[in-house]
Amino acid sequence: MQAAVLDAPSQPFDVREVELDEPRGGEVLVRVAASGLCGSDLKARDGLRALAPFPVILGHEAAGVVEQVGDGVERLRPGDHVVLSILPACKTCAPCRGGRPNHCATTATAMRGGNLLDGSSRLTANGQRLNHFLTVSSFADHAVVPESAATVVDPAMPLDRAALIGCAVLTGYGAVCHSARVEPGAQVAVFGCGGVGLSAIQGARMAGAETIVAVDVHQGKLALATMLGATDTVDAGTESDPAAAVREATDGGADYAFEAAGRPQAFEQAWASLAAGGLLTVIGTLPSGTKLSLDADPLIEEKRIAGCYLGSASPERDVPALVERYLEGRLQLDELVSRRIALAELDDGFARLREGTEARQVVVFTHREEWHVN
């Protein structure tokens, strides 16, 4: 198969033929239709987060069609359209038994080693082992993944937009609706309007928030945020005090603030934007080892900070529901795809991602009409 191999951090991608073993027990082979470029891929590519050993095939936000199933697979069959996610679950470890399958210990161990759930890799090139990325590795035209990492979706769902649900939409929407549990009438601020932040804005809109303030440094993203549900915008590149601007727009402070930029400065601004009793949910992934600072005085106002992993999502529950919302016109995904690229254009795509000018770029592997990839 064709795949983009990253041999070491900060090196160019090498698009070449690699070998992919057949799926083993509990695994499926998926022909990848589309894969989004995510900030987690960027931080791994730049060596800012050690998410897998090298050499590695990155990519984790994807959708495609099942081609083959391994022994014991009961839920999926060849021909199924699926969204892939980084949340496979063994269902037997302590977090899984405790109702937190998105923190599956077996999955975490597999990811650190660049493996699938059985502790081994299906990827080689000229006899050399290649590592999986977050059990997906979708910067390739095929992927072998655990059965629990693939969720069946309605074939009417366009697969290049379905891919975004696997990470950006699950994370942003889930942070609002599952992690923070924003209620109708709330005052909300979202710092960072990439794919995740824009999905959080849509989540806030669907949750019935009264005010939704979008904060970013790019006018194009702020315009898109307004289209997707933001009631107010703050240009953090020109505004001298973005937090004060948010407090003004929310009549004293946000009930819920979401940091979706993955930047310490955005964290500090989001914290300063809260009303008394407000909650800051940190969605963006920061470089490993990052130390955050905050003004401690607001703690006496019972302001809180919470982490978030993929929006506290359950793919089995959330992916079909989000697909249904898209097909009904309630979730806007067409607007999130700012650029479609080929696998050979990954280096340029990551340069653009680093600049922060794009909402979401998607690698498209096929234009077959029956897959609804435009």
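The values are calculated or read from the model by the stated rules, or taken from the named source; none is laboratory data. Given the structure is predicted, the values throughout are model-derived calculations rather than measurements. FYI the Cβ positions are ideal-geometry reconstructions off the backbone, even for glycines, and counts take in every protein chain you see.
Some notes on this structure:
- When 274, 294, 343 are checked against the criterion of being farther than 15 Å from residue 172 by Cα, in contact with a Lys or Arg (Cβ under 6 Å, 6 or more places away or on another chain) and among the aliphatic types (A, V, I, L, M), 274 stands alone in meeting it.
- Selection status of residue 255, modelled with pLDDT of 95 or more and surrounded by fewer than 18 Cβ atoms within 10 Å (Cβ to Cβ): no
- Meets criteria (farther than 27 Å from residue 156 by Cα, touching a helix residue (DSSP H, G or I) at 6+ places or on another chain (Cβ under 7 Å) and either aliphatic (A, V, I, L, M) or surrounded by 19 or more Cβ atoms within 10 Å (Cβ to Cβ) (or both)) for residue 52: yes
- Residues in the stretch 337-355 that are within 19 Å of the chain's Cα centre (by Cα) and either part of a strand (DSSP E or B) or free of Cβ contacts under 8 Å to residues at least 40 places away in the same chain (or both): 337, 338, 339, 340, 341, 351, 352, 355.
- Any hit, the stretch 150-164, residues being of a type in the set (Lys, Arg) and touching a Phe, Trp or Tyr at 6+ places or on another chain (Cβ under 8 Å): yes
- Among the residues of the stretch 219-258, the ones that are touching a residue at least 24 places away in the same chain (Cβ under 8 Å), more than 20 Å from residue 301 (Cα to Cα) and of a type in the set (D, E, K, R) come to 1 in all.
- Filtered residues of the stretch 315-355 (kept if at pLDDT 95 or above and small (Gly, Ala, Ser)): 321, 329, 342, 344, 349, 351
- Restricting attention to the stretch 211-238 and to residues that are acidic (Asp, Glu) and over 11 Å from residue 249 (Cβ atoms), the residue that is surrounded by the most Cβ atoms within 10 Å (Cβ to Cβ) turns out to be 216.
- Scan the stretch 286-328 for residues that are outside any helix (DSSP H, G or I) and at positive phi and the total you get is 2.
- Subset of the stretch 10-31 [touching a helix residue (DSSP H, G or I) at 6+ places or on another chain (Cβ under 7 Å), farther than 17 Å from residue 135 by Cβ and surrounded by fewer than 20 Cβ atoms within 10 Å (Cβ to Cβ)]: 12, 15
- Residue satisfying condition, being surrounded by 24 or more Cβ atoms within 10 Å (Cβ to Cβ) and touching a strand residue (DSSP E or B) at 6+ places or on another chain (Cβ under 7 Å), within set 204, 186: 204
- Qualifying residue in the stretch 366-373 (condition: at pLDDT 95 or above, at negative phi and either among the aliphatic types (A, V, I, L, M) or assigned to a loop (DSSP other than H, G, I, E, B) (or both)): no
- Flag for residue 66 being buried (at least 20 other Cβ atoms within 10 Å of the Cβ), β-branched (Val, Ile, Thr) and in contact with a helix residue (DSSP H, G or I) (Cβ under 9 Å, 6 or more places away or on another chain): no
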